[in-house]
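*Asks:* I'd like to ask some things about the structure below.
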Amino acid sequence: MSDKHEHPKPILSADTDSLFIETKDTQKGKIKIKNTGGGELKGCVLSRCRGLSFEPVEFEGNSVEINYTFNAQAAGLGIGEAVNAKFFITSNGGEKEIPISAKLTKMSISTPDGHTIANIHDFYEYSLTHAAQARRLFTDSEFYMLLMASGYEYMEVYESLHKDANRERSMDNFFILSGLKEKTKISIIGDYGESGNRLEFSQAPGNSEIISGEFHIKKSDTGYVEAPLVCEADWLSLSSGKLTTTDFDETNTATVKFTIDPTKIKNTFTQEQIQIGTLVMEIVYRRLPQLILKLNRDSYRYADRGTIEVINNSGTNMQIYVFCPENYIRFIAQSFPVGARAEIPFEIKLSAFMNAQMLFRKLPFMETVIEIKAKSPGKEIKKILPVTVGEW
């Protein structure tokens, strides 16, 4: 019996689509090859460029590294000369053709940690993993000579940038000018609901404790950031007046902290904006009412049950008194003790006389009110809740 099951085939993938080399003698590097399909990948690397060699030439496995070496002398290049060629990766998972551009430069820089820098692209890659060493090299005469030897077209701007005492800023501008990166962008991250970049805080009446808050800023890459933090309200204080590169952690995330002083807020509701460069975070503060009363529905039938939700923000126990001028809304008691929250039940029940009267008048609904009085030591609150009763 034949096996009709088809096994997934290998698919060739390489981590580079082109190879650009600038060196004064020899340059080495790695190419990573992976199998993104099934089975096992097998193949070889074929060079069609003089001076470019690979080790190993043949490979077998689903994740392998191929070392390459380019020797400018073996390629027969003179100073300033370049060669454009191709090399091929062939395998049982497909074939990949990769162009290569190699140039013999007048000079390169060998760093103490074993890296070779022959152009500004090498320098940019080096700065991503060796930031402190790259900042020192940026103003070194050897780097200046490298730029001169490679014919860097913005030498006047570089000479101005390398005088800036803020090396992070000057290097970031240098890379942007050289087309190696875009300007670093920042954004506010986190879930702030449908209101967008807005944080809301509330306090019970009588509570004047300082409120602490924070939100997070993400930058698009490891580049330089300098964004002023500005707010005008005297009740809102920021931990810093500026967001800089050093405020961001290894995930490119920074935390902006602030405090709210309720003693400086006269109204029950206020809001203010914190500006972070071109970004805006809105801070809202509200002082809760002492007592919140809500019916569980907007309207009720002639024979129905309902509840009054009571939220007590005063911080003390209250005695709630309820009264309805119409006797068809009935409570099991006239008063109820309430701590932080309670539900007061009531029943709607028309008498036989009222039922007959409603049928005779053909009234679809009636409107009345529930009167509420809340008492606690030293204070009394009165509220009225409109109630609609009918057949729907």
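We did not get these values from a lab; they are worked out from the coordinates using the rules stated. The shown structure was predicted, so the numbers you read here are calculated from the model rather than taken from an experiment. Virtual Cβ from ideal backbone geometry, glycine too; neighbours counted across all protein chains shown.
*Asks:* When the expected Rg is taken as 2.2 N^0.38 Å, what fraction or multiple of it is the alpha-carbon Rg of the stretch 29-177?
*Replies:* Scaled against compact globular proteins, the figure is 1.28.
*Asks:* Can you give me the orientation-averaged projected area of the convex hull built on the Cα atoms of the stretch 1-108, in nm²?
*Replies:* 7.1
*Asks:* Okay, moving on. If you project the alpha carbons of the stretch 172-241 onto the principal axes, what extent comes out on each, in Å, largest first?
*Replies:* Dimensions of the stretch 172-241 along the principal axes of its Cα atoms: 59, 27, 16 Å.
*Asks:* Past 24 Å, Cα to Cα: identify those pairs from Lys9/Lys96; Lys9/Lys32; Lys34/Lys181; Lys219/Lys257; Lys42/Lys96, in the order given.
*Replies:* Values: Lys9/Lys96 16 Å; Lys9/Lys32 19 Å; Lys34/Lys181 27 Å; Lys219/Lys257 17 Å; Lys42/Lys96 13 Å.
Cα-Cα > 24 Å for Lys34/Lys181; rest within.
*Asks:* Please report, to one decimal in angstroms, the Kirkwood hydrodynamic radius of the chain built from all distinct Cα-Cα pairs.
*Replies:* About 29.2 Å for the chain.
*Asks:* Sorted from largest to smallest, which semi-axis lengths in Å does the alpha carbon gyration tensor of the stretch 148-188 give for its equivalent ellipsoid, taking the root of 5 times each eigenvalue?
*Replies:* Values: eigenvalues 94, 37, 7 Å².
Three semi-axes, in Å: 22, 14, 6.
*Asks:* Just want to confirm a number: the relative contact order over the stretch 200-344, from Cα pairs under 8 angstrom separated by 6+ residues, in percent.
*Replies:* About 23 percent, as a whole number.
*Asks:* Sum up the charges of everything whose Cβ sits under 13 Å from the Cβ of Gln275, counting Lys and Arg as +1 and Asp and Glu as -1, but leave Gln275 out. Working shown, then result.
*Replies:* On the way: positive: Lys242; negative: Glu232, Glu272, Glu282.
Once all neighbours under 13 Å are counted, the net charge is -2.
*Asks:* Taking only the alpha-carbon atoms of the stretch 258-313, what semi-axes of the equivalent ellipsoid follow from 5 times the gyration tensor eigenvalues under a square root, in whole Å, largest first?
*Replies:* The equivalent ellipsoid of the stretch 258-313 has semi-axes of 39, 16, 7 Å.
*Asks:* Given an 8 Å cut-off on Cα distances and at least 6 residues of separation, report the relative contact order of the chain as a percent.
*Replies:* 9
*Asks:* Here is a follow-up. Calculated from DSSP H runs of 4 or more alone, at -39500 (n - 2.57) each and per residue, what is the 222 nm mean residue ellipticity of the chain, nearest 500? It would help to have the intermediate numbers written out before the result.
*Replies:* Values: 6 runs with 55 residues, N = 392.
Result for the chain, helices only: -4000 deg cm²/dmol.
*Asks:* Which aspartates and glutamates have a Cα lying under 15 Å from the Cα of Lys185, excluding residues fewer than 8 positions away in the same chain?
*Replies:* Asp172, Asp221, Glu226, Asp247
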